[in-house]
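Enquirer: There's a structure below that I have some questions on.
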Amino acid sequence: MSAPELLALEWTRPLGLLALSLPIAVLLASRLFERPVEIATGTLDLWKRVRAVRSTDSTRSRLRIPLAVWLLAAGLALGALALAGPKLSPRASRELRVLVDRSPSMELPLGAGTRRDRAVEMARHWIDENVPEAPVEWIDRRRPFGPEDDRADTLWVTDVAPHPPPERAGFVASGGDAAPGPIAVDGETRYDWDGERIVEVPNGAPKRRVVVSGDLPRPIADVLAAWAGARGAEVDAGNEEHSSLVVHAYHPDPHNGPARHVDAGRDGWRAKGSVLGPAQSSFAGIPLETWLADDGGNAVVTFDKGQVDCPWIRMEDPSGDPAAFAVSWAKLFDDAVLAPPGVVELGERRAAGDEKIVARLPQAGEGFDRGSGNFPSWLALAATGCVLIAVGLARFGRMG
Amino acid sequence: MRSGATRSLPCPGVRFEEGFARRLEAFGARLAAARERRESGGAARVAGGGTEFVGFRPYALGDDPRTIDWDLVARSGRAWVKVSRREAGERWLIALDTTASMGVGPPGKLQRAAEVAAALASLAVAAGARVQIVARSREREPRLFEVARRPDLVLLLAFLEELRAHGSRPDHPMPRVPPDASRVFLVGDLRDSSPEEALALRRRGRELALVQILAPIEILPPQGGAVEWWDPEEGATLTLEVDSTARGAYETELAREIELWRTACAQRGVPYSCSSSASTFEEILLKSAVA
């Protein structure tokens with residue numbers, strides 16, 4: 001049985017809270033038994049004049065509880081709380097990160113919706129059952145889950161149960177039956193999987209379109225053209241709708257700001273040129289990943305599925321292996337280009353297994369469970385301090 | 001609410017420390033030396049002796065040996081002491097307040113008043129005067145003690161130690177003064193009389209001095225918290241929160257009352273002083289300009 005909760009804290013020894021009656025009793029006793037100090041005086045007539053001057057009609061003063069008694073009560077209260085063994089409730093302290101797998105297989109049909117719909121529904125149900133009060137951050141994850149995602153405050157939402165399973169993170173997997181259908185496109189030829197065999201469908205896929213806005217430097221434009229030709233795609237500068245890849249390029253324009261010199265490279269090549277500021281970090285709310293950065297760490301090419309942002313307006317012939325330059329950029333275009341609608345890799349189309357939930361509440365000491373173990377010690381220390389000050393005041397103070 | 005009569009006074013009695021008599025003698029010697037210096041060029045104090053020679057009288061045990069006229073001893077074979085005009089036949093009255101309010105303290109007001117009275121009596125004896133000490137309160141008949149010679153001082157101390165602060169304000173707060181009393185001292189807290197009543201004792205041929213003694217708690221009350229003040233004479237009580245405001249108001253009232261006494265006495269040329277019972281009797285008498 002878990003420890004009872006009160007005030008967003010767990011109390012390992014809840015009976016200790018009964019000791020909270022002690023400070024209440026002390027305060028009540030102080031009010032009941034407090035008597036004013038009795039002092040004999042031969043100048044009572046003067047005090048009567050003082051009372052008259054102060055316009056106090058009652059002969060009874062407001063009996064106040066001495067500070068020492070308040071401190072004693074506070075010390076007893078803190079001691080009672082320490083005795084009850086408080087610790088931060090994991091539920092109260094956890095902020096949950098939910099990583100939603102956005103790989104193509106998540107869009108395969110499952111029941112009335114998709115695998116993603118089912119997985120998200122399972123995740124929401126688990127959250128409502130276990131951590132209804134916890135703040136939740138939903139994050140789309142387009143790349144595979146990695147070790148950096150294996151955190152105690154993280155829940156993976158996917159279709160296939162990960163193997164090996166994460167050690168600290170939880171996961172929900174929607175499962176799903178195999179979904180035969182298109183698995184690849186080569187030019188205008190489409191390849192389908194019928195559940196057992198791969199079937200070639202000539203002219204089964206429309207030409208893919210790559211839209212380039214602005215002017216790409218010649219070395220990049222040449223590689224793009226060669227890549228598109230090999231992939232059976234058309235490159236134009238038209239409407240971005242129904243395109244498989246949009247390459248955002250720029251014109252040298254005063255409105256775009258001044259260009260700056262850049263020297264960057266990767267994969268065995270290096271090139272000098274000019275860029276119009278850093279590459280965009282997001283596009284339409286979707287974060288873009290840095291593909292190429294200069295020596296200062298400024299992104300000069302970013303990308304995501306369907307998008308490449310390339311602020312280069314001038315590029316000299318790259319140095320190094322010319323083939324390396326072409327292979328490097330071609331791989332970028334392969335990673336960025338969208339699959340034709342309905343085309344999902346074979347591995348993604350295979351059965352995702354059964355529904356599965358492996359999730360747990362974080363235990364104490366798992367990162368974000370914030371230091372609840374020292375509560376009783378601090379409370380006891382504060383209680384001792386209050387009592388000592390109260391004793392000192394009572395002993396050396398003039399009254400109380 | 002309990003009546004004041006059922007409560008006990010903090011300092012009702014008198015107890016002289018060992019060596020108190022020596023303190024009296026030392027104080028007397030100190031004043032005599034100071035008087036000699038003054039009388040060589042100034043007026044005598046109320047409790048001091050004059051130097052105008054008016055005659056002789058036989059030496060009595062306890063007389064100051066310095067007053068012996070050695071020429072007369074040589075001629076007569078007997079010891080004779082000089083008598084000054086002021087000393088001859090002087091009769092002093094020391095009215096000691098022993099009402100219940102004198103039991104307030106510590107230090108007790110009656111204790112200090114008794115010491116002052118004993119010191120005045122010692123000065124009287126040194127000056128060759130007869131002194132009557134009268135202790136007055138309502139519930140008892142006035143208690144009297146006469147001191148004429150130095151050996152009487154020991155008995156005076158015993159008399160004073162039997163006194164207890166008790167009772168309320170007498171119907172007639174002022175003592176009955178013998179017609180031949182040339183000096184009257186009122187020693188107490190003066191809470192039972194008005195300046196007019198006290199100053200009425202002053203008349204031609206009779207000097208009056210007022211020595212007011214208050215307890216420290218009556219001069220500077222403690223601050224903080226509720227206090228139930230009780231009057232030991234009337235039994236009345238008053239509960240009040242003694243904060244800084246109340247304390248300040250009390251000090252103002254007390255200062256006003258002391259100023260009333262001071263002004264009234266100054267107008268009549270009557271020495272007046274207000275001292276704390278925390279002061280020694282020496283300090284009180286020196287401050288009072290009586291000695």
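Enquirer: Got a sec? Which residues in segment A:274-302 would a label at A:Arg260 touch, if it sits 7 Å along Cα→Cβ and we count backbone N under 15 Å?
Expert: A:274-281, A:293-301
Enquirer: Stick to the Cα atoms of segment B:89-153, pair each with every other, and give me the Kirkwood hydrodynamic radius in Å at one decimal. Don't jump to the answer; show the numbers that get you there.
Expert: On the way: mean 1/r = 0.0814 Å⁻¹.
One decimal place: 12.3 Å for the Kirkwood radius.
Enquirer: Search the structure for amide H atoms under 5 Å from the amide H of A:Trp138, placed 1.01 Å from N in the peptide plane, and list their residues when 5 or more places away or on another chain.
Expert: Sorted by chain and number, the residues that satisfy this are A:Val98.
Enquirer: Sort out for me the Cα centre separation of segment A:305-355 from segment B:231-291, rounded to whole Å.
Expert: 102
Enquirer: Using Cα atoms only, what is the angle between the long axis of helix A:375-396 and the major principal axis of chain A, expressed in degrees (0 to 90) to the nearest 10?
Expert: Approximately 30 degrees, to the nearest 10.
Enquirer: State, as an integer percentage, the relative contact order of chain A based on alpha-carbon contacts under 8 Å between residues 6 or more apart.
Expert: 20 percent.
Enquirer: ³J(HN,Hα) across segment A:178-189 via Karplus (A = 6.51, B = -1.76, C = 1.60, θ = phi - 60°), whole Hz, x for Gly/Pro?
Expert: Calculated HN-Hα couplings, in order: 4, 10, x, x, x, 10, 6, 9, 10, x, 9, 8 Hz.
Enquirer: Amide H neighbours of A:Val212 under 5 Å, at least 5 residues apart or on other chains, H built in the peptide plane: list them.
Expert: Close amide H contacts, sequence-distant or interchain: A:Asp236, A:Ala237, A:Gly238, A:Val247.
Enquirer: Now, a different point. Which three numbers, in whole Å and largest first, are the semi-axes of the equivalent ellipsoid of segment A:133-263 derived from its Cα gyration tensor as √(5λ)?
Expert: Numbers: eigenvalues 266, 164, 33 Å².
Working from the Cα gyration tensor, I get semi-axes of 36, 29, 13 Å.
Enquirer: When you look at the Cβ of every residue in B:215-226, what mean number of other chain Cβ atoms sits within 10 Å?
Expert: Working: counts 5, 0, 5, 7, 1, 0, 6, 4, 2, 8, 11, 10.
Averaged over the peptide's residues, the number is 5.
Enquirer: Counting pairwise Cα distances across segment A:239-319, what percent come out greater than 17 angstrom?
Expert: Within segment A:239-319, distances greater than 17 Å cover 47 percent of Cα pairs.
Enquirer: Here's a follow-up. Jot down the per residue volume, in cubic angstrom and as a whole number, of the convex hull over the alpha-carbon atoms of segment A:270-364.
Expert: Looking at segment A:270-364, the number lands at 224 Å³ per residue.
Enquirer: In degrees from 0 to 90, rounded to the nearest 10, what is the angle of the helix A:67-83 Cα long axis to the longest principal axis of chain A?
Expert: Here the helix axis deviates by roughly 50 degrees.
Enquirer: Karplus couplings for segment B:155-168 from phi (6.51 cos²θ - 1.76 cosθ + 1.60, θ = phi - 60°), rounded to Hz, Gly and Pro as x?
Expert: So the Karplus estimates, Gly and Pro as x, are 5, 4, 4, 5, 4, 5, 5, 7, 6, 9, 5, 6, x, 9 Hz.
Enquirer: Let me ask you something else. Go through segment A:282-297 residue by residue and turn each phi into a ³J(HN,Hα) via Karplus (6.51, -1.76, 1.60, θ = phi - 60°); whole Hz please, and just put x for glycine and proline.
Expert: 7, 8, 6, x, 9, x, 9, 8, 6, 9, 9, 10, 7, 5, x, x
Enquirer: I've got another one for you. Give a quick list of GluC sites (Glu not before Pro) in segment A:240-289 that DSSP marks as loop, anything other than H, G, I, E or B, with at most 16 other Cβ atoms within 10 Å.
Expert: A:Glu240, A:Glu241
Just so you know, all these numbers are worked out from the coordinates, no wet-lab data involved. Fair warning: this is a prediction, and the values are worked out from it, not measured in the lab. Don't worry about glycine lacking a Cβ; one is built from the backbone with ideal geometry, like all the others, and counts go over all protein chains shown.
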